[in-house]
1. Could you check, for the stretch B:203-212, whether at least one of its residues is crowded, with 24+ Cβ neighbours inside 10 Å and touching a strand residue (DSSP E or B) at 6+ places or on another chain (Cβ under 6 Å)?
2. The conditions are (1) touching a Phe, Trp or Tyr at 6+ places or on another chain (Cβ under 6 Å); (2) surrounded by fewer than 22 Cβ atoms within 10 Å (Cβ to Cβ), and residue A:275 fails exactly one of them. Which is it?
3. From (1) without any contact (Cβ under 8 Å) to a residue 60 or more places away in the chain; (2) buried (at least 24 other Cβ atoms within 10 Å of the Cβ), pick out the condition that doesn't hold for residue B:188.
4. Looking at the stretch B:46-72, I want the residues that are farther than 20 Å from residue B:204 by Cβ and have a partner that is basic (Lys, Arg) and open to solvent by 40 Å² or more (accessible area, probe 1.4 Å) with Cβ atoms under 7 Å, at least 6 apart or on another chain. Which pairs are those?
5. Pairs under 9 Å by beta carbon, first residue farther than 17 Å from residue A:194 by Cα and at pLDDT 85 or above in the stretch A:24-40, partner of a type in the set (D, E, K, R) and open to solvent by 10 Å² or more (accessible area, probe 1.4 Å), six or more apart or different chains?
6. For the stretch B:249-269, which positions are more than 10 Å from chain A (Cβ to nearest Cβ) and surrounded by 16 or more Cβ atoms within 10 Å (Cβ to Cβ)?
7. In the stretch B:134-159, which residues are open to solvent by 30 Å² or more (accessible area, probe 1.4 Å) and assigned to a loop (DSSP other than H, G, I, E, B)?
8. Checking residue B:182 against (1) open to solvent by 30 Å² or more (accessible area, probe 1.4 Å); (2) modelled with pLDDT of 90 or more; (3) β-branched (Val, Ile, Thr), only one condition comes out false. Which one?
Number of protein chains: 2
Amino acid sequence: MALKPRSVNLTQVFEWNDGNIGRKEDYLAAEEPLEIRVGDSPLSVIMRTPGHDLELAAGFLLTEGLIERRDQIISLKEAAAESDANVNRGNLVAVQLDPQSMPDTEKMRRNFFAASSCGICGKASIDSVRSRTLRAPNPDFRLDPELLLRLPALLRESQAVFGRTGGLHAAALFDSAGNPLILREDIGRHNAVDKVIGWALLENRLPLSDFVLLVSGRGGFEIIQKAIMAGVPVVGSVSAPSSLAVQLAREMGLTLIGFLRERRFVIYAGEERVSKNSS
Amino acid sequence: MALKPRSVNLTQVFEWNDGNIGRKEDYLAAEEPLEIRVGDSPLSVIMRTPGHDLELAAGFLLTEGLIERRDQIISLKEAAAESDANVNRGNLVAVQLDPQSMPDTEKMRRNFFAASSCGICGKASIDSVRSRTLRAPNPDFRLDPELLLRLPALLRESQAVFGRTGGLHAAALFDSAGNPLILREDIGRHNAVDKVIGWALLENRLPLSDFVLLVSGRGGFEIIQKAIMAGVPVVGSVSAPSSLAVQLAREMGLTLIGFLRERRFVIYAGEERVSKNSS
């Protein structure tokens with residue numbers, strides 16, 4: 001009988017310190033494959049940090065464009081794989097979708113494969129990258145620059161696990177007054193975002209028209225795509241976005257902030273939402 | 001006529017600095033989708049930083065287990081997609097494989113989808129994650145701890161692009177005397193590793209039995225898997241590995257080093273290769 005997977009594992013390591021070597025115990029960020037199965041068909045295997053797997057699966061289905069609404073999910077549960085119940089216990093999420101919105105799973109398998117829950121993975125043609133159904137985010141949302149500056153500290157304060165391993169990414173939603181709505185962690189940036197969005201979907205909080213999404217790592221194309229699928233108007237990061245992330249944010253009217261550090265940040269897109277007259 | 005994609009793009013941004021806002025030009029790490037096509041069939045779309053695309057494709061084929069040797073590649077070339085030659089020029093690599101080693105591309109598509117070139121992406125069953133053909137790396141390789149300590153500085157010195165955008169990962173190979181063999185950068189860690197390994201494959205340098213692979217980011221499961229597929233005996237990082245990366249390294253006899261910082265590092269697996277008696 002295997003234990004439920006945990007987000008942090010303890011292991012014995014050797015530490016070399018200025019010529020001296022010693023054994024010690026060290027915490028590792030847990031990484032395990034998660035299979036998402038829709039009906040009877042495997043949809044994808046994602047390398048993720050165990051925990052909040054139902055949210056991850058729900059978020060993945062939404063941000064990959066497989067579903068648009070909460071009520072398309074008939075059931076969502078953790079399950080055991082037939083082949084090796086001990087090893088895979090807790091590493092399988094089974095989803096039943098409304099038959100009317102049930103996509104062709106073979107087509108899904110071809111088009112929506114993913115790792116670390118990244119958005120355009122496995123799209124078997126470049127031509128389909130930009131063809132998603134994308135909604136423009138809330139044009140009226142405003143955010144005070146002084147509040148933006150406080151967000152990285154608020155994120156760090158909430159990351160209990162981060163301080164122990166140095167190995168986890170975080171994603172969090174804040175309202176325009178800086179109140180945190182939800183924070184999730186994962187070894188994969190995309191997974192942390194999907195867990196946050198999946199939580200919001202399951203709590204019937206979508207679209208996230210009045211929230212900022214803060215991510216701890218780089219903002220690539222897929223992060224922006226996922227934010228747009230959830231209706232998020234502002235994405236912030238302490239690091240640099242990619243060229244394609246900036247291009248997508250500009251085309252879709254999303255505000256993209258990078259290099260949030262001390263008393264400075266860079267606005268890559270949607271500068272009109274950064275304003276002291278926040279509502 | 002589109003220009004060849006570049007690894008860095010220049011764009012206009014707004015900088016907010018302690019209450020003052022101004023326009024400036026900023027460099028962004030380029031991100032573009034790359035389609036890898038085997039024969040007539042699309043195999044995968046990878047979000048990557050343009051540059052060294054043939055190496056990326058070759059490395060991906062090897063580290064995903066589609067090929068084992070250089071001579072299985074009959075041709076490897078950049079091509080233009082039919083649909084939109086301007087946009088996609090330079091974003092398609094076409095590969096012809098030896099018909100005798102030609103895999104079933106539909107099966108390949110199902111099993112080897114990927115994003116950011118991560119190894120187990122799209123494996124449509126958890127049971128297949130650990131089933132790769134993996135070779136044990138060189139047991140006789142030894143590395144002086146003082147040399148290990150110098151590697152992060154050597155890596156940083158070589159990263160011309162990194163200093164301009166803050167947005168690129170790097171992977172590099174060093175011999176046991178600290179001489180760099182090759183360094184590649186990409187917005188995706190897995191891609192940087194595949195570019196390095198693909199270069200080695202195309203130069204007939206595999207297996208990489210006498211080299212250390214240094215990566216700038218976290219060491220997850222797929223990084224270790226890729227290193228093992230290329231015969232690399234030691235993987236080093238300035239950051240933390242995941243639990244599954246450590247488990248895989250221990251099971252396969254690969255040396256895994258983390259937290260390479262100043263006068264300290266942690267040995268997570270294969271401690272016997274860290275020795276002052278380096279050959």
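The values are calculated or read from the model by the stated rules, or taken from the named source; none is laboratory data. The structure presented is a predicted model; accordingly, all values stated were derived computationally and were not measured. Glycine gets a Cβ as well: all are built from the backbone with ideal geometry, and neighbour counts include every protein chain shown. Surface areas here come from the heavy atoms of the whole protein model, side chains and all, with no ligands, DNA or RNA. Shrake-Rupley method; radii C 1.70, N 1.55, O 1.52, S 1.80 Å.
1. There is at least one residue in the stretch B:203-212 that is crowded, with 24+ Cβ neighbours inside 10 Å and touching a strand residue (DSSP E or B) at 6+ places or on another chain (Cβ under 6 Å).
2. (1)
3. Of everything listed in (1) without any contact (Cβ under 8 Å) to a residue 60 or more places away in the chain; (2) buried (at least 24 other Cβ atoms within 10 Å of the Cβ), residue B:188 misses just condition (1).
4. B:50/B:6
5. A:24/A:15; A:26/A:15; A:27/A:164; A:29/A:164; A:29/A:185; A:29/B:218; A:30/A:6
6. B:249, B:252, B:253, B:254, B:255
7. B:134, B:135, B:136, B:138, B:139, B:140, B:142, B:144
8. Condition (1) is where residue B:182 drops out.
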